[in-house]
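Where a number appears in this text, it was derived from the coordinates with a stated rule and is not lab data. Computed from a prediction, not measured in an experiment: that's the story for all the values here. No Cβ is skipped: glycine too gets one built from the backbone with ideal geometry, and neighbour counts run over all protein chains shown.
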Amino acid sequence: MHHPMSAKDKKHKTLTEKPGVTMPEKTNRLAIEKIQLKRAKAISTVEYLEQIKKASVTHLSKAITLIESQRTDDQKKAQDIIKACLPYTGKSLRIGITGVPGSGKSTFIEAFGKLLTDEGKKVAILAVDPSSSLHKGSILGDKTRMEKLVQNSHVFIRPSSTGTTLGGVAKKTRESILLCEAAGYDVILVETVGVGQNEVAVHAMVDFFLLLKIAGAGDELQGIKRGIIEMADLIVINKADNENIKAAELAKIDFEKALHLYPVKSNEWTPKVLTASALQHKGIDKIWQVIQDFQKITKANGSFDKNRNHQEEFWLYDTINESLQQAFYKDPKIEHLLKKQLQRISQKKATPYEVASYLLSLNK
C-alpha cells in the first residue's frame, strides 16, 4: 500500500543534496577567500599587532591571507602589519626541510614537531610549493598524516597559496615567517616540495638547511643536484628501519664521502649525515642536537647574524629586480614592440643582445 509522503518527509527530501549539484570546489574556495579578505581588512593594524603578539591564531591566519592576496590594497595593509610586527621578529630558529618525493617529509615533520613541542617549543610549519595547484604539495596533500600536530595548540601549520609563481610564494613565505616570529613561535619549519629551484629560495630565508633522503634505491647520490647537497647543513637518511637499516648506513657513508669533496663552509660548520626513522621516532633527538650545535657554533662566531643580514640584502635586491621586471613587461609600448622584435630575431635581422639594448633604452 502506498503511503502519501508527510510534510516532514517532503522537507527532508527537499534539503537532501543530490549528486552533481555541489558547488565546484574552485568557486567555493574563491568565495571563501573573498569573505576572508573582507573580514581581514576590517581589522585595524594596531589590533593585528596586539593580537598577533598574544599569539592569536585567528589574527595570524588573517594577516597571512592578506599577504597572499594579489590585490594592491590588501598588499598595502599586509605591509603595514609586517612593519608594525618587525620589532618583535628575529628571535626564532628558521629551519628549511627538503627532500625528494617519498622521502617521508610529512612523517618526519610530525615526529620532529612532536619532539620540539615536548621540549616546550612553539612550532610554525610553512610550505613553499608553487606547483601545489597541480599536484598538491607534501603538506597540502598529506596534512591528514600530521593529525597530532594539527591538534597541538603549540603548532601552527600553513600551506602555501596555490597557483602562484615561485618568486611570489617564496616572498609570501618569508613575510609569513616574520609574523610567526612576532606571534612567539620559537622554531619555524619551512618545507619545500620536491627537489628543484625552490630550494634556493628557501635556503635564502632559513638559518639551517636539512636535506631528507631515503636509501635502498641504489642511486642515493643520483637525482640530487650538486647545489642542493652543497647547501645542506645536515643530510638525514630517513626510513632507516627494519630491512632498510643496512642500506641507510651505506647511504650515510656515500654522502659523507660526497660532502668531503665540497669546500669548507664560511660559517665554520661541517655538514653532518645522520640516519633516522621518523615512523619509529628513532634518531630524531640526535637531529635536534645537531641543529642546536649548529646554532651554538654559528652564533659564537658571528656567522648566524651575518647570514641573516646577507639574506635581507638578497631579498631587497630580489624584490627590486622583480618589480623592475614586472614594470618593464607591463609597459604597453614594450608589449607591442616585443613581438615585432622577436620576429626580427627569428628572421636573423637582429641579435637578442641588440634587441634587448633597444627595448631597455626605450624604457628609460
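Say the cut-off is 29 Å between C-alpha atoms; which of Lys76/Lys330; Lys239/Lys306; Lys172/Lys306; Lys54/Lys239; Lys91/Lys172 go over it?
Lys239/Lys306; Lys54/Lys239
Take Gln292 and Glu147, extend 7 Å from each Cα along the Cα→Cβ direction, and tell me the distance between the two endpoints in nm.
Distance between label points: 3.1 nm.
Could you please rank His310, His260, placing first whichever residue has the fewest other Cβ atoms within 10 Å of its Cβ?
Working: His310 12, His260 9.
In increasing order of surrounding Cβ atoms, one gets His260, His310.
Residues of segment 41-65 with the amide nitrogen closer than 12 Å to a label point 7 Å from the Cα of Asp80, along Cα-to-Cβ, please.
Residues passing the 12 Å test: 41-49.
What dipole magnitude, in Debye to the nearest 20, does segment 245-364 give about its Cα centre under +1 on Lys/Arg Cβ and -1 on Asp/Glu Cβ?
In total the dipole reaches around 460 debye.
Suppose every Lys and Arg Cβ carries +1 and every Asp and Glu Cβ carries -1, with no other charges. What dipole size does segment 315-362 come out with about its Cα centre, to the nearest 20 debye?
420 debye
Starting from the Cα-Cα distance between Glu47 and His336, subtract it from 0.36 nm times their residue separation and give me the gain in nm to one decimal.
Once the chain is fully extended between Glu47 and His336, it gains 99.4 nm.
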